[in-house]
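The values are calculated or read from the model by the stated rules, or taken from the named source; none is laboratory data. This is a predicted model, so every value here is computed, not measured. Cβ placement follows ideal geometry from the backbone for every residue including glycine, while neighbour counts extend to all protein chains displayed. For accessibility, only protein heavy atoms count, side chains too; no ligands or nucleic acids. Shrake-Rupley method; radii C 1.70, N 1.55, O 1.52, S 1.80 Å.
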Amino acid sequence: PRPDDHVIVLFGATGDLARRKLLPGLFHLAHAGLMPEHYRIVGSAPAAVALGDEEFRAHAREAVTEFGRSKPEGGAWEEFEAALSFGAADAEDPQPLLDAVRRAEQSLGGRPGRLCHLAVPPAAFASVVQLLGDTGLAEGTRVIVEKPFGTDLPSARSLDATLHAVFDESRIFRIDHFLGKESVDNILALRFANGMFEPVWNRDHISHVQIDVPERIGIEGRAGFFEGTGTFRDMIVTHLFQLMGFVAMEPPTSLTARALRDEKEKVFQSLRPIDPAHVVRGQYTGYRDEPGVDPHSDTETFAALRVELDNWRWAGVPFFLRSGKSLAQGRHMVTLGFREPVLRMFAPDAGADGPHGNVLAIDFDDPGSITARFRTKQPGPSMRLEQAEMVFGYAGSFNEAHALEGYERLILDAMLGDQSLFTRSDGIERLWEAATPLLEEPPPVEPYPPGSWGPERIDRLIAPYRWSLPDR
Ligand code: BG6
């Protein structure tokens, strides 16, 4: 489906996220023919860093050249470029933005939809929301809100109060770009469209679950943001817990936004308060020497934790979550470890104690894959067991050209008004609530060498199981 005509107002249009993801993503949607038939994109930023229309077009072209999958050329680019304009906005003087939006809407005729994307730092958030309310821009608009959604329960609540003073929940789209990844949707397909997976997707058959998102990159000059945030808030509370919601949810009654989000919400409700004793916080050696980082910084660049869900499906099944910067590999993995069968009939030296046992590993890297690991018999006259695997790879199985990246998919959904893959305030508040014991008494950070898999203690955290990465 193609959205109705739209004016997209991009706050923070000169920022990092717009440059790396949003402008290239919007252009990819245009290139793929998924933008509305008629659209305008109005960039905005405070007057001090504002651009003129032509400068904004040049800025977008550079961003798309550097980070885009679709190159800025041909008719699609000309059309996209012509749709761009800029309007500065400060609390004291929002007029240039109002003028730019009015011009954009008039040029589309009729009454185009309006989508405001708030890609601004947390400190600027409240003033932009208030500006939208005061100027009337909020009326009839949908709003995409970027993480972090607060830093703890009180701040998340106050953020929500700020938003709800201006917007109805039905118009708020809290974006978590992991939920726009193709393979996340595919968890729903894998679990609920196949008779061979869902029946074993529970505590009777699964011993533990790993959600593992190591990153090879460091903080990439984002000290200003990262110092006050850290990996737990940046990655775990947002992306990894959201993935967990999809892995662990009960079958929704339908694929509507309401049903899906209700089920995900129930998972968060069943999350036990996080025990700081089950958390490893790490910091890579050399982090404190990065420009802009406090030489005594206690900010974690790594977090691994063991959490539990107190419900019928998952009682007693630990979920292990890990993410961190400057690690050995950049990966996105969900791994389900299965319980062992009774192996008595096999001789102790038959190789039955291989490293994995039965594992289902879902790799979210673009383009992604699903691997089943199991034991098989070596050819020959005696019963010797070996690990084997079956791999399904998206690349080579489907026409990848139709795949969208997280942001692309989610911006499209927001224009269509579909909230299924966006997060809801009750869920987020519950996650902060469960995180409170950890936030109040965080264990000290432990050092780890860049290029490793984290501090040594992570192996004890997961024992008697083993991290499924690195691949063995
Ligand atoms: C962002 C975090 O939300 O996600 C970054 O702020 C992180 O710190 C990024 O690097 C990871 O996203 P992806 O899609 O590259 O895994």
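Overview of results
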| quantity | calculated |
| --- | --- |
| Qualifying position, being among the hydroxyl-bearing types (Ser, Thr, Tyr), closer than 30 Å to Arg157 by Cβ and surrounded by fewer than 20 Cβ atoms within 10 Å (Cβ to Cβ), among Ser127, Ser44, Ser70 | Ser127 |
| Members of region 183-219 that are of a type in the set (A, V, I, L, M, F, W, C), touching a residue at least 40 places away in the same chain (Cβ under 8 Å) and open to solvent by 60 Å² or more (accessible area, probe 1.4 Å) | Phe192, Ile217 |
| Residues that are within 15 Å of Leu29 (Cα to Cα) and open to solvent by less than 20 Å² (accessible area, probe 1.4 Å), drawn from region 73-114 | Trp77, Phe80, Ala83, Leu84 |
| Pick from region 140-163, criterion touching a residue at least 40 places away in the same chain (Cβ under 8 Å) and open to solvent by 40 Å² or more (accessible area, probe 1.4 Å), ranking: nearest to the ligand (Cβ to nearest atom) | Lys147 |
| Gly195 being part of a loop (DSSP other than H, G, I, E, B), more than 27 Å from Trp432 (Cβ to Cβ) and either in contact with a Lys or Arg (Cβ under 8 Å, 6 or more places away or on another chain) or within 16 Å of the ligand (Cβ to nearest atom) (or both) | no |
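So that you can scan it fast, the table gives a plain yes or no per residue for (1) under 30 Å from Glu220 (Cβ atoms); (2) more than 16 Å from the ligand (Cβ to nearest atom):
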position	(1), (2)
Pro295	yes, yes
Leu305	yes, yes
Val317	no, yes
Gly324	yes, no
Gln329	yes, no
Phe338	no, yes
Arg344	no, yes
Pro348	no, yes
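The rows are residues; the columns are (1) over 17 Å from Thr151 (Cβ atoms); (2) buried (at least 22 other Cβ atoms within 10 Å of the Cβ); (3) within 16 Å of the chain's Cα centre (by Cα); (4) within 16 Å of the ligand (Cβ to nearest atom).
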position	(1), (2), (3), (4)
Gly228	no, no, no, yes
Arg233	no, yes, yes, yes
Leu240	no, yes, yes, yes
Leu243	yes, yes, yes, yes
Glu250	yes, no, no, no
Thr253	yes, no, no, no
Thr256	yes, no, no, no
Glu265	yes, no, no, no
Gln283	yes, yes, no, yes
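Results for (1) among the small types (Gly, Ala, Ser); (2) in contact with a strand residue (DSSP E or B) (Cβ under 7 Å, 6 or more places away or on another chain); (3) free of Cβ contacts under 8 Å to residues at least 60 places away in the same chain, shown as yes or no for each residue.
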| position | (1), (2), (3) |
| --- | --- |
| Ala315 | yes, no, no |
| Leu321 | no, yes, no |
| Arg331 | no, yes, no |
| Lys377 | no, yes, yes |
| Asp413 | no, no, no |
| Gln419 | no, yes, no |
